[in-house]
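Coordinate-derived values only; no laboratory data. Just so you know, these numbers come straight off a predicted model, no measurement behind them. Every residue, glycine as well, gets a Cβ built from its backbone with ideal geometry; the counts of neighbours run over all protein chains shown.
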Amino acid sequence: MGDDDLQNHPNWNAILQWSLKFQDEPSENRVLEPLDQERREFLMRAFEDYAAMTEDSVKSMRRHLEVLKSSDSSNEECSVALEEIAFHAEDIDEANDLYLIGGLQVCCAYIKHNDPELQSLACEVVASAVQNNEKIAHFASETYVLGDLLKLVDNSPHDGVRIKSLLAVSCLVRGNEGALDKFNKLEGYNVVVRALQSPLQKLQVKSLFLVSAVCAVSPEQCSLYCSMGVPHQLFAMCDKLATEATHDPAVVLTLKLLLILVEGGDVQFPPNAADSLAALRDRLGGESLEEEREICKKLISLCPPPTDDIDR
């Protein structure tokens, strides 16, 4: 609860002060007594405030959903509605409420809208609602939404839509075995690998994060991405990163994924792998890049010795 909530609901502030005062008192001096009428009424009003706040969030989402369902609503009105629903969906309880009242399905229809801003906002609602939410984790494997999101990642002409749709895919698939199965049936791995090759840094970073997450917990996924040549792409990315800005957010994710695949799959090292990784390591200066340097060192230690060393 933020400062604004305390200011707008003085009962909460009073409860906070009362509870802190009670906590400061030594336990041996505390005397438990029945609540007098004044305190009882005070607590009842506070709980009624809380119930009203909870009810208001559902009412608010229902009101915004009516805007989204109305053919008379303008794109601007729909944009505001989706923004507000995305804000509500960041709270796991409100995300569950949104799902229970059928709101997630309404928002997902906007993934196919012809306005890129509305598409992006719909993707944001999905990402916020399903992330780390076991109660609605089955949503992706029961509906069309995952397939629609993958199409946007691959085919949308709008960079922002591609980035937001991949974010939603990642939130749906990570930690959700059923959604990962459907993702594989839809050949989502091809979509993600193509995104990995994109010049869009944010799309590339989200691809690295997703592939790392699924490969870290699944040897089968490691084997799949190794067979698709992802390690070769990552080594090439390391070559490029060794000559560019070392604070690129893709650096640590590239190295982490490469290490996961090397340790969990069958990876063919290019002849210059050790030299390339050493060059990258040497460019990673400063305490803030210690993790990246350590991964480089670990990868270098896993590189096979040069052929002439083996012959000797």
Chain lengthening between residue 83 and residue 186 when straightened (0.36 nm per residue, less Cα-Cα): 34.2 nm
Label point distance in nm, residue 90-residue 144, each placed 7 Å from Cα along Cα→Cβ: 3.1
Computed E for residue 115/residue 227 - FRET, C-beta separation, R0 45 angstrom, nearest 0.05: 0.70
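So if each residue of separation counts as 0.36 nm, and I subtract the Cα-Cα distance between residue 248 and residue 75, what length gain in nm does that give?
In short, 58.7 nm is gained.
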Calculated FRET efficiency for the pair residue 263/residue 132, C-beta based, R₀ 25 Å, to 0.05: 0.45
Pair-distance profile P(r), taking every C-alpha pair of segment 193-312, with 5 angstrom steps and integer %: 2, 12, 23, 24, 21, 12, 4, 2, 0, 0
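Quote to one decimal, in nm, the extra length available between residue 216 and residue 63 on full extension: 0.36 nm per residue of separation minus the C-alpha distance between them. Before the final figure, lay out the partial values.
Numbers: separation 153, 0.36 × 153 = 55.08 nm, distance 4.15 nm.
Full-extension gain reported as 50.9 nm.
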Residue 298 versus residue 100: modelled label distance in nm, points set 7 Å from Cα along the beta carbon direction: 4.2
Charge tally in the Cβ shell below 12 Å around residue 205, where Lys, Arg are +1 and Asp, Glu are -1, residue 205 excluded: +2
Farthest toward positive dipole pole in segment 165-253 [+1 Lys/Arg, -1 Asp/Glu at C-beta], among 221, 189, 238: 189
Projected label distance in nm at residue 240 and residue 151, using a 7 Å step from Cα toward the beta-carbon: 2.9
